[in-house]
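Only one structure is covered here, and it is reproduced in the block below.
Only the coordinates and a few stated rules stand behind these numbers; no lab work does. Being a predicted model, the structure only gives us computed values, none of them experimental. As a convention, Cβ positions derive from the backbone with ideal geometry for all residues, glycine included, and neighbour counts pool all protein chains shown.
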Amino acid sequence: MKIICAHDYQDMSRKAANIISAQVIMKPNCVLGLATGGTPLGMYAQLINWYNKGDIDFSEVTTINLDEYRGLPREHEQSYWYFMHKNFFEHINIRLDHVYVPDGANTDAEKACKEYDEIIHRFGGVDMQLLGIGVDGHIGFNEPGAAFELGTHCVDLAESTIEANKRFFASADEVPRQAYTMGIKTIMQARKVLLIANGKAKAKAMRTAFFGPVTPAVPASILQMHPDLTVVADEEAWSECPEVIGQ
Ligand code: GLP
């Protein structure tokens, strides 16, 4: 596990963008696993900035997103498909037939998840998987208690996740109660994993995920076993980890 301590959100975003950028330069036709949420927004903005300067080319890249709300069509403003297009894909030269997000509009959960695993398999797996982390230690939408051996599957969202994500909706009632997510097995099969985090709200999750026991109670803790994991977080997110802040 490679741990990087950034000063603040901007520094975290630049460092993470550098790592993604290096991946794309080293393997232009790579498969990037991408994530949504507030955390990666600064990183996407930085990558767009470098693309505009001609420093990075996404024309051969394929992206496979982590998760999607079940029941939201693509054009819904809170769908992750919409998020990715609005915040990243529309601003770079990625081919739109090279981007994949689980099909939230397909309410046949078994079919939607099976099809998604087939897509991941068809591309030979993910080269670099980007992850954020939930306040309860979730990754993707793998909530506490999630089995480590699952591929893409349908989950019931934890109350704390609905609470954390309601800021994007008119009210908590409008947050979908279920989602399709890559499973822990899928995530662990990525050749490289990059997890990013910022802010005090994530401090406890960072402590239990990276300096506590590996347990399904903290889904991100399994990443300690990944052979090529990089964690970039700011000082606030590391504030409960003296092992890092003291370095
Ligand atoms: C959601 C997403 C996760 C994300 C998490 C944290 O639940 N499914 O992929 O990592 O929220 O989001 P944020 O970055 O907004 O804190």
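Can you list residues whose amide H is under 5 Å from Gln129's amide H, if they're 5+ apart or on another chain and H is modeled 1.01 Å from N?
Amide H neighbours of Gln129, under 5 Å, 5+ apart: Gly33, Lys192, Val193, Leu194.
Above 20 Å lies some portion of the pair distances; for the stretch 20-148, what is it as a whole percent of all C-alpha pairs?
Result: 45 percent of Cα pairs exceed 20 Å.
With θ taken as phi - 60° and the coefficients 6.51, -1.76 and 1.60, list the Karplus ³J(HN,Hα) couplings across the stretch 85-98 in order, rounded to whole Hz; mark glycine and proline as x.
5, 5, 8, 9, 4, 5, 9, 10, 9, 6, 6, 5, 8, 9
What share of Cα pairs, in percent, lie more than 34 angstrom apart in the chain?
Numbers: 2681 of 30381 pairs.
Everything past 34 Å amounts to 9 percent.
If you build the Cα gyration tensor of the stretch 116-247 and take the root of 5 times each eigenvalue, what three semi-axes come out, in whole angstrom, biggest first?
Output for the stretch 116-247: semi-axes of 23, 21, 13 Å.
Run the quick spin-label model on Ala170 and Asp228: label points 7 Å from Cα toward the beta carbon, then report their separation in nm to one decimal.
4.6
Give me a comma-separated list of calculated 3J(HN,Hα) values for the stretch 116-121, in order, Karplus coefficients 6.51, -1.76, 1.60 applied at θ = phi - 60°, integers in Hz, x for any Gly or Pro.
Couplings: 5, 4, 5, 5, 4, 5 Hz.
Take the Cα of Glu77, step 7 Å along the line toward its Cβ, and report every residue of the stretch 153-187 whose backbone nitrogen sits under 17 Å from that point.
165-176
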